[in-house]
Amino acid sequence: MRRRSHILRHLVMALVCALMLIPFYWVAKTAVTNENIYAYPPRILPLKPHLYNFVDVWYLIPFARYFANSVIVSLIAVAGNIVFNAAAGYALTKNFAGKRIVVLLFLSCMLIPFQATIIPAYLVSARLGVLNSYLGLALPLLSTIVCIFVFKAAFEAIPASLQQAARIDGLGELRILFRIMLPLAKPAIATNIILSFIWSWNAFLWPLIITRDVTMQTLPLGLARFLAYVEDTTGALYAFVCMVLLPGIIVFLMAQKEFIRGLTSGATKG
Amino acid sequence: MNTAPPQRAGVAGSADAVAPPVRAADWYRRKRTREAMLVACFLLPSLMIFFLYRILPLGWNVILSFEYWSPLKAARFAGLDNYAEMFLEDDVFWQALTNTLIFILASPIAILLALAVALAVNSDLKGAAIYRTIIFLSYPLMSVAVGIVWRWLYDERGGFINFVLRGTGLIKEPIPFLQSFGWALPSVILADIWQVVGFYMIILLTGLQSIPQHLYEAARIDGAPASARFLRITLPMLRPSLFICAVIGILNSFTAFDLVYVMTGGGPAHATELLVTHIYNMGFGETRFDYAAALTVVQFTLLVILTFLANRAVGGNAGSVESA
């Protein structure tokens, strides 16, 4: 009887997974389809699969430029996240006056969705003179509250005797953080990298607001622009979608565990 | 240990207090100021970012909402004019508010789906990890790309959904899902559920795994049927996770901007307009920053009220984030 319930559950799960995967398949299929993509009934398997659409993407839009912009912004965001979050997380392991207030402040900031700040955030960036620049694109993403707490938890798990030993040896706090604590908190670093990378890689609304030139636009913007330009008429759009989704999928599959740990620790621990 | 007041931390927790007693107080004071400086320096970058891009905007929104202001024009006090316009004259606002509420009210459906999946995946099922990965895969992907994927699925001619519905004989004529006033919002919501359901599942799985097994064993010994075990143990123990899911569902009405922007642009005839897209259009389409700020204040208030209600609904203090 137990066996039968297992088979039933496998069937249900297989169905659910199929529903989750069909959209990917449909787009991938369209991207390699040669014939008219509007033909009815659509073919389930492409007749003569080919990669022309992917080549088209290179000619129709400055894909390399969008890609480079996305990579640069993400690199800035990831670097900022590691340094700033580690520093803040380390500070939170210490006792100091007003610590409760700082923690409370961080936690309440988490409830403010970025989308609810766009108007003043734009004005702030304008005053700082970082509109339409890489720094401006990355600035709001440079620190993540969830990741600060991930670092704090990781540092607290490191035996205090190590810090004391380092201090007796005359290491300064900055060195203790970078030479002793960070190397021992590799899982926390991985979580930081993956979370901040995915968030900056996918960011759309913020770049939409603060970039003016095509030369500064990131991949999501390029995608939206291309969509507005060609509508749904060409398979190249779906080739573009595949080219954008693939890096995300690969990064996620490589670091799934760290990603999920970051999300759940953020969600369950504040 | 962390809760000890900082004044006493130096004296009480010192095993190395062998220094001369007269100098000790002095030494500790200096050490304390040095540590305070250090903590401040370490916290400063993060605090600056959150101040500039979270806290300051929150206040600035409120101020802007009571002003007539646009770039290049001096601010004038507007009183409640922006709000009066919103509530009395702006039909799009009411449409967007309704749509946002529908969007939020649809999230329990996704949460229930996720709960069912989480329960199935949580057990001793072989291959559960693979199922989990596949279901979660859509969450970390770029919403703009996901929006285009779903646009294509809903397409009248080349779309998978119309293809299946027509192929199975459920409909005779293709439905232009995203172009029809009635279908557009449910269609966008379905795409959103597809993307976010894996996240709910992960949260609920973490919750399920934190339930002590001995509760179930005790219940089994007492002869409680599976339904009772679920209702009396699983559900109550899952309340914190369910609350988090509810909050994510509420926040989702903000983050769905990308999907709506790409799939329908708020149309047709504002059928899929959300508050967040209306804010964007007002602010950056029509450069009415003051009015957009007022809209933001209303949406943020809505968010706080709904979060509070969700907290009450799961029995209070479920989101006791303080214990972090």
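The values are calculated or read from the model by the stated rules, or taken from the named source; none is laboratory data. From a predicted model like this one, the values you see are computed outputs, not experimental measurements. Cβ sites come from the backbone with ideal geometry, for glycine too, and all protein chains shown count toward neighbours.
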Among the residues that make up segment A:50-72, is at least one of them closer than 30 Å to A:GLY136 by Cα, at the interface with chain B (Cβ under 9 Å from one of its Cβ atoms) and not acidic (Asp, Glu)? no
Of the conditions (1) in contact with a Phe, Trp or Tyr (Cβ under 7 Å, 6 or more places away or on another chain); (2) within 26 Å of B:ILE203 (Cβ to Cβ); (3) in a helix (DSSP H, G or I); (4) not charged (D, E, K, R), the single one that B:VAL39 does not satisfy is (2)
Given the conditions (1) over 25 Å from B:LEU204 (Cα atoms); (2) assigned to a helix (DSSP H, G or I); (3) more than 10 Å from chain A (Cβ to nearest Cβ); (4) in contact with a Phe, Trp or Tyr (Cβ under 7 Å, 6 or more places away or on another chain), and given that B:THR301 satisfies all but one, which numbered condition is not satisfied? (4)
At least 1 residues that are closer than 22 Å to A:ILE82 by Cα and within 9 Å of another protein chain (Cβ to nearest Cβ) in each: list the helices (runs of 4 or more DSSP H) lying fully within segment A:187-270 that qualify. A:235-254, A:256-269
Residues of segment A:179-200 that turn out to be crowded, with 20+ Cβ neighbours inside 10 Å and either of a type in the set (Gly, Ala, Ser) or free of Cβ contacts under 8 Å to residues at least 12 places away in the same chain (or both), as a count: 4
Among the residues of segment A:8-17, are any surrounded by 15 or more Cβ atoms within 10 Å (Cβ to Cβ), more than 9 Å from chain B (Cβ to nearest Cβ) and more than 22 Å from B:PHE160 (Cβ to Cβ)? no
Quick test for you: out of B:GLY207, B:GLY158, pick the one residue that is assigned by TED's automatic domain parsing to the domain that holds B:LEU242 and closer than 23 Å to A:THR33 by Cβ. B:GLY158
All positions within segment B:252-302 that are β-branched (Val, Ile, Thr) and touching a Leu at 6+ places or on another chain (Cβ under 8 Å): B:VAL260, B:VAL262, B:THR264, B:THR272, B:ILE279, B:VAL298
Exactly one of these conditions fails for A:LEU75: (1) in contact (Cβ under 8 Å) with a residue 40 or more places away in the chain; (2) away from every other protein chain (no Cβ under 14 Å); (3) within 17 Å of the chain's Cα centre (by Cα). Give me its number. (1)
Which numbered condition A:ILE37 fails, given (1) free of Cβ contacts under 8 Å to residues at least 60 places away in the same chain; (2) not in a helix (DSSP H, G or I): (1)
